[in-house]
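Q: First the structure, then my questions, so here it is.
FYI, it's all coordinate maths here, none of it is from the lab. If you're wondering where the values come from, they're calculated on a predicted model, not measured in any experiment. Quick reminder, even Gly has a Cβ in these numbers, built from the backbone with ideal geometry, and neighbours come from all protein chains shown.
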Amino acid sequence: MTIANQLPRSTPEAQGIASSAILNFVEAVEQNLDALHSFMLLRHGQVVAEGWWAPYAPQEPHMLFSLSKSFTSTAIGLAVAEGRLSVDDSVLQFFPADVPAQVSENLAAMQVRHLLSMSTGNEEDTTRYLHIAPDGNWVKAFLARPVERTPGTHFVYNSGATYMLSAIVQKVTGMTLVEYLRPRLFTPLGIEHATWESCPRGVNVGGWGLNITTESIARFGQLYLQNGMWQGQQIVPAAWVAEATAKHVSNGDNPESDWAQGYGYQFWRCRHGAYRGDGAFGQYCVVMPAQDVVLAITSGLGNMQAPLDIVWQGLLPALQANALSEDATDHAALQEKLDTLALSPVQGEPSSAIIERVSGQTYHFDTAEQPDNPMGEPKLEAVTFTFDADGTTITLRNTTGEQSIHCGNDEWSSGTMQIHNRGTLPLVASGAWAASDTYVAKLYFYQTPFSETITCQFVQDQILYRAQRNVGFGPTEQPQLVGRLA
């Protein structure tokens, strides 16, 4: 990151926010949420507070999930500005080879603007049909789905529609989304090492799959707050920023929900005149134009409304129009808190009387007795716990291979782990004895929203093994498995 692209820093008071209000915000999320991973708060273009709960760290990218959609929308806006397409273009015109034999009137009427505003006319999210396309042709799979309603009349959150936007960008530019955005968006903003997942045919998936840092999220939000201007250069047309963040379709009527304030072009309207991009399990880029504020958050949450409620109830009233008197005591207290943010290692005893009996023993699981793992992982075949003074090594063998995880005693130990469908991910792990016969390990995959808790009870010559994820798109808990000594 070049110095020219470094976001400026300021005390909160200089930008009209009391340090004590930000400290209260941090304490509220720690008391009520499990768990925020990071946040960065900007006021008047200045970073006034930033924090990462270790092992999450400033330099680590984080999975954005559907926050990726707002970047895909931006790519469309740039392509429109370059004259490569129009939001009024028919979707079908880009993919003549993939058009179904029978084209319904509604499919024929679907335009790029309908993909952008999640008003394609589909009555369900098409994404699962893309994943099961036997030939890996996601475009063809999307176009084959029924379009039950007139496009533009009905909101359905549809990540398949965002994939189609990515496919259109690649069709008209000859570049993937990440290739197209790198010189036009990422490099000017100082967003480095952005990666994006691709479909089987090499198209970035668009609706999810982007991985960048917290500060990169904040830069993107600040660009939109500045109507597409960055360091004197118009990166994104101001007209596109206004159009993309305006309400294009209604998505509910609950005044207390930030998911019912209207939807733009891959941006959500919020309460209090704000708007945001967001992603599953709590990835946020919240822009508050009236207050000149950007808030970037990464997390691993099941309830995505909860942190926004804390923002509106605690932070929003603290945003003052003018600078405040500096308060060295409160600012020091806030800074100490931010400097020491951390997720606690597993609490418990470092040792147990049964260690000598169970350490190094391999417990085998009958895969024929196991139901399919609802978390999507291959079936577990064997597990070995090896206890020593530095911690515990858990060796897991499943139907795809063997891997080991080292868990620190009252500290995090770094490593990697192969996760089904997600590749090899870095992690930290710690463990402790919750009871004399029960060992608990916690794993944080710190470039993702995900953590996993493994609980093992040793009973005579058996082990009772349970694994649970913090969040997921389906079941998050594996049924208890019974392993036996050979």
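Q: Roughly what percent of Cα-Cα pairs across region 304-392 reach past 20 Å?
A: 71
Q: Calculate for the chain the 222 nm mean residue ellipticity that helices alone would give, adding -39,500 (n - 2.57) per DSSP H run of length 4 or more and normalising by residue count, nearest 500 deg cm²/dmol.
A: So the helix-based figure for the chain works out to -6500 deg cm²/dmol.
Q: By how many degrees, 0 to 90 and rounded to 10, does the Cα axis of helix 19-32 deviate from the longest principal axis of the chain?
A: The helix 19-32 is inclined about 60 degrees to the chain.
Q: Return a whole-number percent for the relative contact order of region 115-244, with Cα pairs under 8 Å and 6 or more residues apart as the contact set.
A: Numbers: 180 pairs, mean separation 27.0, N = 130.
Relative CO of region 115-244 lands at 21 percent.
Q: Rounded, prolate or oblate: which fits region 355-485 when a ≥ b ≥ c are the square roots of the eigenvalues of the alpha-carbon gyration tensor, with rounded for a/c under 1.5 and prolate only if a/b beats b/c?
A: Numbers: a/c = 1.60, a/b = 1.09, b/c = 1.46.
Oblate shape, in that a/c is at least 1.5 and b/c is the bigger or equal ratio.
Q: OK, next. Straight-line reach from LYS247: which lysines fall under 26 Å, measuring Cα to Cα and dropping same-chain residues less than 8 apart?
A: Partners found: LYS69.
Q: Is the C-alpha gyration tensor of the chain telling us rounded, prolate or oblate? Criteria: a/c under 1.5 is rounded; beyond that, a/b larger than b/c is prolate, otherwise oblate.
A: Oblate.
Q: Sticking with this one: Mind pulling the angle between the C-alpha long axis of helix 328-339 and the longest principal axis of the chain? Nearest 10 degrees, somewhere in 0 to 90.
A: Roughly 70 degrees between the two axes.
Q: While we're on this one: Mind pulling the angle between the C-alpha long axis of helix 214-225 and the longest principal axis of the chain? Nearest 10 degrees, somewhere in 0 to 90.
A: Long axis of 214-225 versus the principal axis of the chain: about 20 degrees.
Q: Right, another one. Which one, LEU92, THR173, GLN222, is farthest towards the positive end of the dipole of region 40-318 when Lys and Arg carry +1 and Asp and Glu -1 on their Cβ?
A: THR173
Q: Moving on. Using the Cα centre of the chain as the reference point, and only Cβ charges (+1 on K/R, -1 on D/E), how large is the resulting charge dipole? Debye, rounded to the nearest 20.
A: 1440
Q: Kindly provide the GluC sites (Glu not before Pro) of region 24-119 that DSSP labels as loop, not H, G, I, E or B, and whose Cβ sees at most 14 other Cβ atoms within 10 Å.
A: Those satisfying the criteria are GLU82.
Q: While we're on this one: What's the magnitude of the charge dipole for region 40-318 around its Cα centre, counting Lys and Arg as +1 and Asp and Glu as -1 at the beta-carbon? Answer in Debye, nearest 20.
A: Numbers: 17 positive and 23 negative charges, 67 e Å.
Roughly 320 debye for region 40-318.
Q: Now for a separate question. May I ask what percent, to the nearest 5, of DSSP beta bridges between residues of region 378-486 are antiparallel?
A: Expressed as a percentage, antiparallel bridges in region 378-486 total about 95.
Q: Restricting to the chain, what percent of DSSP beta bridges are antiparallel, rounded to 5?
A: Percentage antiparallel, nearest 5: 95.
Q: Positive end of the charge dipole of the chain (Lys, Arg +1 and Asp, Glu -1 on Cβ, about the Cα centre): tell me which of SER20, HIS37, GLY282 has its Cα farthest that way.
A: GLY282
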